[in-house]
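J.: Shown below is the structure under consideration.
The values are calculated or read from the model by the stated rules, or taken from the named source; none is laboratory data. None of these values were measured; they are calculated from a predicted model. Glycine also receives a Cβ, built like all others from the backbone with ideal geometry; neighbour counts cover every protein chain displayed.
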Amino acid sequence: MNRYLVLFFLVIVVVLALVFFTEPQLLDKIWMWLVGFIGYIILLIEKGAEGLKELFTSRKPATEKEKPTDPVPTPTPQPPVNWEEKIKKIEERLKEERPLTIPLSKNYVTLLRYKDDGQTTLGLLFIHNRFFAYTLEDTHRDEKKDGNTRIPQGTYPLELNRNLTDLTQRYRNMFSWFDFHIEIKEIPNYNLVYIHIGNTHQDTRGCVLVADGITDSSTQSMITYSRLAFERLYKTLRPLLNENQAPISIQILNEDWFEKVHVLSEKEIAVPST
């Protein structure tokens, strides 16, 4: 029996020697196949070991540190803000004969700011003491940061900026009824402050954005349907800004106006996060 094994071994050696001298490239292929096969076997062994490890560790009882944590409580949904009701209350208060300590003149376009979250200022725009649109501006800063600070409260004239800027041309291309931007003038340390279209504080560089809708959330305040509101506002104010017309102004009041004139309480002004 041992002789047969020896003979078989010698035959294998002779065959390999002949292959090596006659077809060396075939020997390389055989060797690469063996290496790949051995690597595949090793990979299967490792995966099997990992599977056994997971099987045993998953059955291990939880320790004090491994006990599941309490589920995160679901936040209580906040009721939607009824802005129609709040605005109606403001308008009724403005119609009262009792004078306001800080009056709103019927000759003014009035912007009442009601919330500043440190990034965005939200407000309400009135024309002749009637609500017209929502507004959005940059936040208040004690020291002005260019392109990221709302203008101070005050009363400022509204005029057409009759320079053909890139922004003006872009608006002309979009709207057949547009000719020049309405600019808020005579603001200390500010220039080129327009009333225009936008949705978030990233769309304004100190300007006033107008819209027909508002979304106030914990992540970012924004306004919606801005183009509709801007068209309506522009077509309302543009005829009044002709050179032969009496000048008109915008009156801008900060958040404390509501408390000072007892129109809405601080609680009524607050907008829950949605």
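J.: Mind counting the residues in the range 163-205 that are in contact with a Phe, Trp or Tyr (Cβ under 6 Å, 6 or more places away or on another chain) and closer than 17 Å to THR120 by Cβ?
T.: Of the residues in that region, 1 qualify.
J.: Would you kindly identify the strands (runs of 3 or more DSSP E) lying entirely within the range 139-227 that contain at least 3 residues that are closer than 17 Å to ARG238 by Cα?
T.: 154-161, 181-184, 193-196, 208-211
J.: Look through the range 239-274, keep the residues that are in contact with a Phe, Trp or Tyr (Cβ under 8 Å, 6 or more places away or on another chain) and at pLDDT 80 or above, and return whichever of them is farthest from THR200 (Cα to Cα).
T.: ILE248
J.: Of the residues that sit in the range 191-227 and are touching a residue at least 40 places away in the same chain (Cβ under 8 Å) and among the hydroxyl-bearing types (Ser, Thr, Tyr), which one is surrounded by the most Cβ atoms within 10 Å (Cβ to Cβ)?
T.: THR204
J.: Mind listing just one residue for me: the one in the range 228-245 that is free of Cβ contacts under 8 Å to residues at least 40 places away in the same chain and closer than 24 Å to TYR156 by Cα and, of those, surrounded by the fewest Cβ atoms within 10 Å (Cβ to Cβ)?
T.: Taking the candidates together, the pick is ASN244.
J.: Restricting to the range 120-133, name every residue that is buried (at least 23 other Cβ atoms within 10 Å of the Cβ) and over 11 Å from VAL109 (Cβ atoms).
T.: Answer for the range 120-133, where residues must be buried (at least 23 other Cβ atoms within 10 Å of the Cβ) and over 11 Å from VAL109 (Cβ atoms): THR121, GLY123.
J.: While we're here: Taking the options LEU160, LEU136, LEU111, name whichever one is in contact with a Phe, Trp or Tyr (Cβ under 6 Å, 6 or more places away or on another chain) and in the same structural domain as LYS89 (by TED's automatic domain parsing).
T.: Only one candidate passes the filter, namely LEU160.
J.: Collect the residues in the range 164-183 that are farther than 15 Å from ASN242 by Cα and either among the polar types (S, T, N, Q) or within 29 Å of the chain's Cα centre (by Cα) (or both), keeping them in residue-number order.
T.: Hits for the range 164-183 are THR165, ASP166, LEU167, THR168, GLN169, ARG170, TYR171, ARG172, ASN173, MET174, PHE175, SER176.
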